[in-house]
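Quick notes on the structure that follows.
The values are calculated or read from the model by the stated rules, or taken from the named source; none is laboratory data. Note that the structure is predicted; figures quoted are calculated from it, not measured. Here Cβ is always computed from backbone atoms with ideal geometry, including for glycine, and neighbour counts include all displayed protein chains. Areas reflect the complete protein model, heavy atoms only, side chains present, ligands, DNA and RNA absent. Shrake-Rupley method; radii C 1.70, N 1.55, O 1.52, S 1.80 Å.
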Amino acid sequence: MYQLLIADDEPLEREGLELMVQRAMPEQFTIYHAENGRVAIEKADKHQPDIIFMDIKMPGIQGLEAVSVIQKKLPDTKIVIVTAYDYFTYAKEALSLGVSDYLLKPAKREQIVALLQRLTNEIVTDRSKRTQELELIEQVSHLRPLTENECTLMLMLETVQELDVLTLSRMLAIEMQFGSAVVISFPDVKDEKEQRRVYECAKHYVKSQQNCLVSPVIQQHMAVFFPVVLERERDVQQAAFLHDAGKLREYIKQQTGQTVCIGIGSVHKGATGWRQSYEEALAASKQCTEAVPVQPFRKEMKRSISEEQGRQLCNAISIMDEQAAMLQLRTIYEKLIEITKSDAKRIRAELLSLFGYISQFMQHSHLQLEPISFPDIDDLSMLRVASEQYVINIISKMKNEREKRAGHLLMLAKNYIKDKYTEDISLEQVAEHVNLNSVYFSKLFKKQTGETFSDYVMNMRIEKAKQLMRNEALSLKEICFQIGYHDPNYFSRVFKKCTNEAPKEYRQKLLL
């Protein structure tokens, strides 16, 4: 059955139209009434009718206003405007809103029946077309993974045929202009089920970030091909890829517990260029180490900045030694000026590579840095200042993160002490609870609270003793045991040290 809504402020008009439809086309329509535009909108929302007969002239929200609102929410609903001759110009306006037809009052029975038959036929046709479209979408969704596999395998296995690859990529809505390949390798994951988990995790992540092509697993690695719009210099683009690859690796580790190596190819153009980028990424992935698990492709040339120099700078940053970091960075910068003969563009490219390395290194400390944004400048002194400011910002962020973490750990420690202070609690025990070295925890605790650990526990016990002394039913000996001391004489000495009064004297004054 079809849903028909009749909107007219005249009850006789509505009832007459309903009777006419039910007699001419029995058991074909469920009919609803609306006495004004507002009710028509509400009932259209509720019942989602297939056809609406809408009178133009009604009190409150009039017909054309209601049509405009309903059309936005129910674009497939067939709307018929009903009007008298006086409002014929309004009917023309309604047609511009996208209504299906209009009727002039009083409409004849044959005219209404013919109109309803035409509209129901259109609905049947529309539904059939929609079903076909959904079936086609479903078929394409089944074919897409096969097409994507075929396209990526052609790029990876030296079977690149320009025309075929371009055809497949366009079917997948990927324009094969400039692009870069990333290889995710998991040589230590031998189990096929675990390989599948890593694959699905990586695929879900990269697909959620941007439109790309993901290959199947081949020899314990997979490839991802990213289209690139060259709005930034290639060195900046490479640095951004390095940052994103680090985040991808961290995500895979969190979700699957597995560690992967990631190689990043350079940006190239066209199908053969994408193939070249894959070869670069594969070669880079084989150069990954435990210390540097994400590697960009580097051409066979001596880099101006050695790995050792980069590590020394990262070590200074990791211990938040700003003075040592600045000294190392300035040493690197002076060497860059000497080697490049003050070539600002090359210095900038080398610095971007260095900062990408730093960003990757910092991820081991669970510090997520923003993608590198480096000013496009050629002035050597300004490049120096910008690079120094970048390092200073990293150290500042590390200090803030350290302070936040310290505050959180201190809260956990205090809560643990509060729960355990009546027992033989030790500093080592609390340090182990918050996963810190006992010596470091002792220094941190003193810095954050202004008290040593033993003084903090002692003061907590004495404050609790003061509260318990208000209860005359408790003896001082019972209070001593309740707050964690086993020797009443020792309790008495500690209490006097903290209050300058013996427990008995303090209680007498308290209970006066």
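I'm trying to understand the selection: among the residues of segment 425-462, which are in a helix (DSSP H, G or I) and closer than 30 Å to Arg507 by Cβ?
Applying the first criterion (in a helix (DSSP H, G or I)) to segment 425-462 yields 427-433, 438-449, 453-462.
Selection gives Thr449, Phe453, Ser454, Asp455, Tyr456, Val457, Met458, Asn459, Met460, Arg461, Ile462.
Looking only at residues in segment 463-508 that are part of a helix (DSSP H, G or I), within 19 Å of Tyr421 (Cβ to Cβ) and charged (D, E, K, R), which one is least open to solvent (accessible area, probe 1.4 Å)?
First pass over segment 463-508, keeping only residues part of a helix (DSSP H, G or I): 463-468, 476-482, 488-499, 503-508.
Restricting the remaining residues to those that are within 19 Å of Tyr421 (Cβ to Cβ) gives 463-468, 476-482, 488, 490-495, 497-499, 503.
Then drop every residue that is not charged (D, E, K, R), which leaves 463-464, 466, 477-478, 493, 497.
Working: Glu463: 93, Lys464: 71, Lys466: 48, Lys477: 119, Glu478: 84, Arg493: 148, Lys497: 147 Å².
Filtering first and then ranking leaves Lys466.
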Index of the failed condition, Glu231 passing every other in (1) assigned to a helix (DSSP H, G or I); (2) of a type in the set (D, E, K, R); (3) at pLDDT below 85: (1)
Meets criteria (open to solvent by less than 80 Å² (accessible area, probe 1.4 Å), within 30 Å of Pro296 (Cβ to Cβ) and at pLDDT 80 or above) for Val165: no
Thr272 vs. criteria of a type in the set (Ser, Thr, Tyr) and under 16 Å from Cys201 (Cβ atoms): no
Residue that is surrounded by the most Cβ atoms within 10 Å (Cβ to Cβ) [pool: residues in segment 184-224 that are in contact (Cβ under 8 Å) with a residue 40 or more places away in the chain, within 14 Å of Thr256 (Cβ to Cβ) and within 23 Å of the chain's Cα centre (by Cα)]: Ile184
Residues that are at pLDDT 80 or above, loosely packed, with under 14 Cβ neighbours inside 10 Å and under 19 Å from Ser318 (Cα atoms), drawn from segment 332-390: Gln389
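Please return the ranges of strands (runs of 3 or more DSSP E) entirely within segment 1-78 where 1 or more residues are more than 20 Å from Gly98 (Cα to Cα), open to solvent by less than 50 Å² (accessible area, probe 1.4 Å) and not β-branched (Val, Ile, Thr).
Values: elements: 2-7, 29-34, 51-55.
Those strands (runs of 3 or more DSSP E) span 2-7, 29-34.
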Enumeration of residues in segment 9-23 that are under 18 Å from Leu115 (Cα atoms), touching a residue at least 12 places away in the same chain (Cβ under 8 Å) and in contact with a Lys or Arg (Cβ under 9 Å, 6 or more places away or on another chain): Glu13, Met20
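Residues are listed down the side, and each one gets a yes or a no for (1) exposed (fewer than 11 other Cβ atoms within 10 Å of the Cβ); (2) in contact with a strand residue (DSSP E or B) (Cβ under 9 Å, 6 or more places away or on another chain); (3) not aliphatic (A, V, I, L, M):
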position	(1), (2), (3)
Ile394	no, no, no
Lys399	no, no, yes
Met411	no, no, no
Glu423	yes, no, yes
Ser426	no, no, yes
Gln429	no, no, yes
Asn435	yes, no, yes
Leu444	no, no, no
